[in-house]
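Here is the structure we will look at, set down as structure tokens.
Derivation of every value follows stated rules applied to the coordinates shown; laboratory data play no part. Note that this is a predicted model, so its numbers are computed, not measured. In this analysis, Cβ positions are derived from the backbone assuming ideal geometry, glycine residues included, and neighbour counts consider all displayed protein chains.
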Amino acid sequence: MSEKRTEIGAIGEFGLIERLNEQIKIRQKGTLKGIGDDAAVLDAGDMVKVVTTDLLLEGVHFDLSYAPLHHLGFKAVAVNISDVAAMNAIPTQITVSIALSNRFSVEAVEAIYAGINAAAEQYNVDVIGGDTTSSRSGLVISVTAIGEVEKGKEVYRSGAKENDIVCVTGDLGAALIGLQVLEREKEVYMANPNMQPELDKYSYVTSRQLKPDARMDIIHELRDLEVVPTSMMDISDGLASELFHICKQSKVGVTIYEDKLPIDKQTFDTAVEFNMDPITCVLNGGEDYELLFTIDQKDFDKLEKHPDIHFIGHITKEDSGKFLVTKSETAVELKAQGWVHFNQK
Ligand code: ADP
Ligand code: MG
């Protein structure tokens, strides 16, 4: 008798998580939200605690031939803090687990920790534990972050309503373009080790790839302005993919406008140099770790003048679909390309 075998690539990362979730039963009444958002949400009296974890694997998420160890440590923390921010929560503690091969020296591990400690300082969190083990397949770093927010002020992916305004912070596509630059310079270097990489011209995009920053500044500002977004998530897999998550979980549609999408000049110019469409980079580039959120129209005045929040569109009825209005005013259907870790056909 042959057992059924489904390739992971056939259902994709999100399909796999959904399928695993079907087997999971919530037993504790304190578990307010389990799988399915940027972080889990746990009851803590007047507050809720949020918990999130992310794994970085050598050869999949980073390449040590161009990722400095201290940046890697910083990034491993920042990507988790970004998920705490995405719940509208303030991070408080992290745990750090690492798997190392004997290729790494004590000094190398200390370099990773210098980055971890710099991030802990910047985001005001304590490193409270973790695990250390050996690895046969390169370096693995797993960070878990804990945060908290007043009960009722936590923000899920599921709260967007028709007519809400869609906002993104910062600029998008830079981390993807930075990766292209780093990969190209690596190839040049491998072909001729005497060549010095030419990275100055690309310093913004490469730093966005190597040392992303979580947007805690925005979370503090939203608090000061007394704005609670109706829905929110961080942009780790690409804007289009994240909009699909918000629409699916909120049961709404969306229209965004090409001329409102934020892109940095260096990202734009470098995309053109690589023969890539800058707008495709903005829509589908991963790892920018900016925030995507929706606000009620009544809050627009409070954010209107903010220099780093961009209003890219609005929420529509679910059956209106998901559209990008181009500069030539044609509405094209959005595709959720996402950042595909498994080979999806
Ligand atoms: P993010 O990109 O914000 O880190 P993910 O797409 O990685 O979110 O995860 C989506 C949801 O699925 C989260 O709630 C996460 O905790 C959950 N999840 C991911 N992988 C697993 C797994 N192997 N087992 C249980 N839950 C998982
Ligand atoms: Mg996230």
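A few notes on this one:
- Shape call, the range 1-135: gyration tensor on alpha carbons, a/c limit 1.5: oblate
- Neighbour-count order for Asp296, Asp288, Asp43, Asp131, fewest beta carbons within 10 angstrom listed first: Asp131, Asp43, Asp296, Asp288
- When the chymotrypsin sites (Phe, Trp or Tyr not before Pro) in the range 242-345 are filtered for DSSP coil states and for at most 15 other beta-carbon atoms within 10 Å of their beta-carbon, the remaining sites are Phe274, Trp339, Phe342.
- In order along the range 199-213, phi translates into HN-Hα couplings of 10, 3, 4, 10, 4, 5, 5, 5, 5, 5, 7, 7, 9, x, 10 Hz, rounded to whole numbers, per the Karplus curve 6.51 cos²θ - 1.76 cosθ + 1.60 with θ = phi - 60° and x for Gly and Pro.
- Of all the options Gly147, Gly321, Gly286, the one that moves most in a Gaussian network model of the chain with Cα springs shorter than 10 angstrom is Gly321.
- Farthest towards the positive end of the charge dipole of the chain, among the residues Gly253, Cys167, Leu42, is the Cα of Leu42, using unit charges on the Cβ of Lys, Arg, Asp and Glu.
- Working note: 222 nm ellipticity from helices only, DSSP H runs with n ≥ 4, each -39,500 (n - 2.57), summed and divided by the residues of the chain, gives -10500 deg cm²/dmol to the nearest 500.
- Among Thr52, Thr230, Thr31, the largest mean-square fluctuation in a Gaussian network model of the chain, built with springs joining Cα atoms closer than 10 Å, belongs to Thr31.
- Of the GluC sites (Glu not before Pro) found in the range 188-282, the ones in coil according to DSSP and having at most 12 other Cβ atoms within 10 Å of their Cβ are Glu198, Glu226.
- The overall shape of the chain is rounded: from the C-alpha gyration tensor, with semi-axes ordered a ≥ b ≥ c, the ratio a/c is less than 1.5.
- When only Cα pairs below 8 angstrom with a gap of at least 6 residues are kept, the range 1-128 shows a relative contact order of 21 percent.
- Shape category assigned to the range 132-232 from the gyration tensor of Cα positions, a/c cut at 1.5: prolate
- Of all aspartates and glutamates in the structure, those lying under 18 Å Cα to Cα from Lys302, and not within fewer than 8 positions of it along the same chain, are Asp164, Asp217, Glu221, Asp224, Glu226.
- C-alpha center-to-center spacing [the range 248-291, the range 110-144] in angstrom: 30
- Applying the Karplus relation 6.51 cos²θ - 1.76 cosθ + 1.60 with θ = phi - 60° to the range 48-56 yields 3J(HN,Hα) values of 10, 9, 10, 9, 8, 9, 9, 10, 10 Hz, where x marks Gly and Pro.
- Fraction of antiparallel bridges per DSSP, the range 13-106 only, in percent to nearest 5: 90
- Across Pro91, Pro197, Pro262, mean-square fluctuation computed from a Gaussian network of the chain (C-alpha pairs under 10 Å connected) peaks at Pro197.
- Computed over the chain: relative contact order in percent, which uses C-alpha pairs under 8 Å that are six or more apart: 22
- Ordering Val254, Val127 by the number of other Cβ atoms within 10 Å of each residue's own Cβ, fewest first, gives Val127, Val254.
- Taking label positions 7 Å along the Cα-Cβ direction at both Gln23 and Thr132, the computed distance is 3.3 nm, reported to one decimal.
- Phi-derived couplings, Karplus 6.51 cos²θ - 1.76 cosθ + 1.60 at θ = phi - 60°, listed residue by residue for the range 214-226: 7, 8, 4, 4, 5, 4, 5, 5, 4, 4, 4, 8, 6 Hz, with x used for Gly and Pro.
- Dividing the convex hull volume of the alpha carbon atoms of the range 165-333 by its residue count gives 121 Å³ per residue.
- Ranked Met276, Met195, criterion: other C-beta atoms within 10 Å, fewest first: Met195, Met276
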